[in-house]
Amino acid sequence: MRYVRIDRPNGPRWGVVKGEDVFTLLKPPYEGLEYDGGRLALKQCRLLAPCEPTKIVCVGKNYAEHAREMGSEPPGFPILFLKGPNTLNRPDGAIHAPGFVGRLDYEGELAIVIRRRATAIKGKDYSAYVLGYTCLNDVTARDIQQLDGQWTRGKSMDGFCPVGPLVTDEVDPMALVLTTRLNGKPVQQGHTADLITPVSQLLEFITAAITLEPGDVVATGTPSGIGPMIPGDSVEVNIEGIGVLKNQVI
Ligand code: MG
């Protein structure tokens, strides 16, 4: 299934994408798949982030090449941090670069949207807890992250987490090519087979400590090639089989 969350006159609504159309749902897909009879052309829908997170759990340095470009060897276990729900941004929403930020980076990532409450799950059971996969840009104020010595402010500014355009369970999360483009030029190229901690183990590791709720998001880390964006730039995170998350920096 391929799901979107769209802006409707009465508020956000989830839908299932079939061909060029969206078939709208009565309630979020993780509360049961009930259609409300609505059918809309996908290209006429205003897309929202396809998730409703109480938290966005992220992992740092989950690709060896990226760890090295950050000046360290890959860590021995997943390094987790959070982005707040305030960071959530629409698939084509603008990324606001605050004036006090000296360096604003893109980080293209594969993200997981949670289907069922998950506490202390076994890695082998992970797929029962996953609604699907989507693209995410872990926007980072790199100078603030380094200045503060911890990551809350640098990672969690308003709008610093565009997610979308859709969430799908029709892909193998460990066999995806991820490409980030800045103004059309490829700057990151990764393959999820290179994740140090794969999706199943990552969910086991996270839920041993943190309960994940339906609609929560897990970001799996960024491949090498991170770099800065400035106002006027266009940034795209493209994952084969999912789609293109494209945002403008303002
Ligand atoms: Mg990241």
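Computed values, structure above
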item: Solvent-accessible heavy-atom area per residue, rounded to whole Å², over the range 1-104 at 1.4 Å; result: 51
item: Burial order of peptide ranges 48-59, 151-162, 73-84, 202-213 (average beta-carbon count within 10 Å, highest first); result: 48-59, 151-162, 202-213, 73-84
item: Percent accessible area from carbon and sulfur atoms, the range 105-245, protein chains only, probe 1.4 Å; result: 51
item: Overall form of the chain per C-alpha gyration tensor (a/c, 1.5; a/b vs b/c); result: oblate
item: Signed unit charges on C-beta, dipole axis of the chain, positive-most listed residue Gly37, Trp14, Pro214; result: Gly37
item: Simple Cβ-charge dipole of the chain, Lys/Arg +1 and Asp/Glu -1, about Cα centre, in debye nearest 20; result: 420
item: For the range 11-27 versus the range 117-190, the gap between their alpha-carbon centres in whole angstrom; result: 23
item: Cross-link table Lys61/Lys122; Lys27/Lys61; Lys18/Lys246; Lys55/Lys122; Lys124/Lys155; Lys43/Lys246, entries beyond 25 Å C-alpha to C-alpha; result: Lys27/Lys61; Lys124/Lys155
item: Net charge, Glu107 excluded, C-beta distance under 12 Å - Lys, Arg +1, Asp, Glu -1; result: 0
item: Among Leu131, Gln145, Ile112 - extreme Cα towards positive end, dipole of the range 1-150, charges at beta-carbon; result: Leu131
item: Accessible surface, the range 109-158, averaged per residue in Å² (probe 1.4 Å); result: 41
item: Extended-chain gain in nm, criterion 0.36 nm per residue less alpha-carbon gap, Met70 and Phe205; result: 46.3 nm
item: Shape category assigned to the range 143-194 from the gyration tensor of Cα positions, a/c cut at 1.5; result: prolate
item: For Asn89, distant residues with modelled amide H under 5 Å away; result: Cys161, Val163
item: Cβ-Cβ FRET estimate between Met174 and Arg116, R0 fixed at 22 Å, reported to 0.05; result: 0.60
item: Listed peptides 85-94, 238-247, 117-126 by packing density, highest first (mean Cβ within 10 Å); result: 238-247, 85-94, 117-126
item: Net charge of Cβ neighbours under 13 Å - reference Asp7; Lys, Arg +1; Asp, Glu -1; result: +4
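The values are calculated or read from the model by the stated rules, or taken from the named source; none is laboratory data. What you see is a predicted model, and the numbers here were worked out from it, not measured in a lab. FYI the Cβ positions are ideal-geometry reconstructions off the backbone, even for glycines, and counts take in every protein chain you see. Surface areas here come from the heavy atoms of the whole protein model, side chains and all, with no ligands, DNA or RNA. Shrake-Rupley method; radii C 1.70, N 1.55, O 1.52, S 1.80 Å.
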